[in-house]
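Here is the structure we will look at, set down as structure tokens.
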Amino acid sequence: MNAAAQRIAWITGGGSGIGRALALRLARDGWSVAVSGRRRDMLEETIRLAGGKIHAWPLDVTDLAEVRQAVSRIEQQLGPIQLAVLNAGLGRFLKLDELHAEIFAEHVHVNYLGAVHGIDALLPAMRARHAGHIVITASLAGYRGLPGGAAYAPTKAALISLAESLRFALEPEGICISVCNPGFIKTPMTDENHFRMPFLMDVDAAAKRMYRGIRKHKFEIVFPLRLWLFARLGRCLPYSWYFRLLRGPRRRRRAPHE
């Protein structure tokens with residue numbers, strides 16, 4: 001396949017989890033895939049699993065100059081990026097004594113600004129070509145606030161709003177934008193969660209659903225379906241019902257004189 005006909009994809013957060021699984025699936029389907037992330041060893045493991053059919057571009061998504069340079073070099077060496085999956089992210093569910101500004105800032109810089117930096121780097125060439133597909137990985141956690149999600153959930157809500165807002169501007173330019181809202185996926189990140197994760201999904205099954213949505217150019221790509229239905233319902237509930245549902249039964253506090 002010559003360079004002109006080759007489909008080029010770029011995935012941030014491609015060293016593990018759903019980013020790696022999607023990269024492997026794209027490579028199997030004939031895409032030329034560039035994966036980015038901070039850890040070179042993780043990216044090289046992705047390459048090894050693909051039999052060398054994937055290219056590594058280590059970078060820190062919080063560094064705008066670095067992201068711009070990487071996108072420029074990928075397009076020079078591989079060809080025009082047709083599909084970009086802005087998937088890099090971190091997620092910690094915090095206890096009350098962990099609510100420090102530094103942790104919130106880290107989530108904003110990686111999850112939200114990391115995607116913004118990717119969009120900034122991609123748009124000039126995509127606009128010039130009047131073509132391209134950008135996928136932002138958000139989360140069902142962005143639908144409403146969650147217990148312990150004070151740092152993580154707002155960044156995902158911001159990404160959903162970002163994708164919705166950009167659609168009005170990008171669609172007339174011939175650029176497709178999608179937002180992927182997964183539920184709980186079995187990855188190294190969710191392995192650190194110490195609570196029950198309903199409808200936990202295998203990462204390869206998640207990548208399959210994500211790729212299916214990408215091929216259909218869906219605006220919102222969601223999985224697993226059952227958790228999405230619960231999250232969608234929760235989005236519609238009045239606050240009093242929603243808080244009661246997630247909080248569960250409360251023990252009555254004993255009065256001082258009891």
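The values are calculated or read from the model by the stated rules, or taken from the named source; none is laboratory data. Small disclaimer: the values here were computed from a predicted structure and weren't measured. Counting neighbours? That spans all protein chains shown, and the Cβs are built from the backbone with ideal geometry, glycine included.
Remarks
- Complete set of residues in the range 172-196 that are at pLDDT 95 or above, not in a loop (DSSP other than H, G, I, E, B) and not β-branched (V, I, T): P172, E173, C176, S178, C180, N181
- Annotation note: Cβ proximity below 8 Å between a residue of the range 83-112 that is in contact (Cβ under 8 Å) with a residue 40 or more places away in the chain and a residue that is of a type in the set (D, E, K, R) and surrounded by 12 or more Cβ atoms within 10 Å (Cβ to Cβ) (sequence gap 6+ or interchain) occurs for L83/R7; L90/E106; R92/E98; I103/R92; H107/R92; N111/K156.
- Residue in the range 44-53 that is in a loop (DSSP other than H, G, I, E, B), at pLDDT below 95 and either touching a Cys at 6+ places or on another chain (Cβ under 9 Å) or of a type in the set (A, V, I, L, M, F, W, C) (or both) present: yes
- Restricting attention to the range 139-168 and to residues that are in contact with a His (Cβ under 7 Å, 6 or more places away or on another chain) and hydroxyl-bearing (S, T, Y), the residue that is nearest to M126 (Cα to Cα) turns out to be T155.
- Inter-residue pairs, beta-carbon under 6 Å, first farther than 19 Å from Y242 by Cβ and in the range 129-147, second of a type in the set (S, T, Y), 6+ apart: V135/S178
- All positions within the range 106-154 that are buried (at least 23 other Cβ atoms within 10 Å of the Cβ), out of contact with any Pro (no Cβ under 8 Å at 6 or more places or on another chain) and not in a helix (DSSP H, G or I): I134, V135, I136, A138, A151
- Pairing residues of the range 160-186 that are more than 21 Å from F93 (Cβ to Cβ) with residues that are part of a helix (DSSP H, G or I) and at pLDDT 95 or above, at Cβ distances under 6 Å and at least 6 apart in sequence or on separate chains, gives E173/R127; I175/M126; I177/A163; I177/L166; I177/R167; I177/L170; V179/I160; V179/A163.
- Extreme residue, farthest from H133 (Cα to Cα), among residues of the range 54-84 that are in a helix (DSSP H, G or I) and among the aliphatic types (A, V, I, L, M): A65
- Looking across A23, A101, A84, one residue alone is out of contact with any helix residue (DSSP H, G or I) (no Cβ under 7 Å at 6 or more places or on another chain), under 25 Å from Y152 (Cβ atoms) and small (G, A, S). It is A101.
- Odd one out for R92, checked against (1) modelled with pLDDT of 95 or more; (2) of a type in the set (D, E, K, R); (3) part of a loop (DSSP other than H, G, I, E, B): (1)
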